[in-house]
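The values are calculated or read from the model by the stated rules, or taken from the named source; none is laboratory data. Because the structure is predicted, anything quoted here is derived from the model rather than measured. Glycine gets a Cβ as well: all are built from the backbone with ideal geometry, and neighbour counts include every protein chain shown.
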Amino acid sequence: MRFAYTIVYVEDVARTLAFYEAAFGLARRFLHESGDYAELETGATALAFSSRRLMRELGKNPQPADAAAPVFEVAFTCADVPAAVQRAVGAGARLVKPPTPMPWGQTLAYVADLNGVLVELCTPVAPPAPQDPGQP
């Protein structure tokens, strides 16, 4: 089995797609002609968006995202977190938490996208250094 994509339910798929392209520099994989589904190039696993209207038609009850009470987050790694935050906010994201160094060596920040989805912008997590068997 392979993790293929995550789908975020939004009101306006095309607007959300354009926001993610501008805010995070992601490339569009495609936008379905219906306007109800799209995917972005994000590596091995795609980030996708589906309209809440379509989900309601399929019998689901999608709720709007809320960055103040998130049930998930989207995370993007980058080398320069402050620059990534500045770009995202310039494209319309709302700053939730400014860039902060973490005790484990990672720097992270949070913004909310135009749908209220919590987005983490962070440096990659470095794997722990192997311990020398001769060291206590």
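Numerical summary
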| read-out | value |
| --- | --- |
| Matching entry among T77, T100 (being of a type in the set (S, T, Y) and surrounded by fewer than 13 Cβ atoms within 10 Å (Cβ to Cβ)) | T100 |
| First in segment 114-136 and polar (S, T, N, Q) and surrounded by 10 or more Cβ atoms within 10 Å (Cβ to Cβ), second anywhere and modelled with pLDDT of 95 or more and assigned to a strand (DSSP E or B), Cβ under 6 Å, 6 or more apart | N115/V10; T123/T107 |
| Verdict on R56 being assigned by TED's automatic domain parsing to the domain that holds Y37 and either of a type outside the set (F, W, Y) or closer than 28 Å to Y37 by Cα (or both) | yes |
| Any hit, segment 55-65, residues being under 27 Å from V125 (Cα atoms), at pLDDT below 95 and not aromatic (F, W, Y) | yes |
| Positions within segment 8-31 being closer than 18 Å to P70 by Cβ, assigned to a helix (DSSP H, G or I) and not aliphatic (A, V, I, L, M), in sequence order | T16, F19, Y20, F24 |
| Residue within segment 56-68 that is touching a Leu at 6+ places or on another chain (Cβ under 7 Å), touching a residue at least 40 places away in the same chain (Cβ under 8 Å) and crowded, with 16+ Cβ neighbours inside 10 Å present | yes |
| Filter result for R87 (farther than 21 Å from T6 by Cα and either in contact (Cβ under 8 Å) with a residue 60 or more places away in the chain or assigned by TED's automatic domain parsing to the domain that holds E41 (or both)) | yes |
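Per-residue answers, yes or no, for (1) on the phi > 0 side of the Ramachandran plot; (2) surrounded by fewer than 18 Cβ atoms within 10 Å (Cβ to Cβ); (3) in contact with a Pro (Cβ under 7 Å, 6 or more places away or on another chain):
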| site | (1), (2), (3) |
| --- | --- |
| V10 | no, no, no |
| F19 | no, no, no |
| G25 | yes, yes, no |
| S34 | no, yes, no |
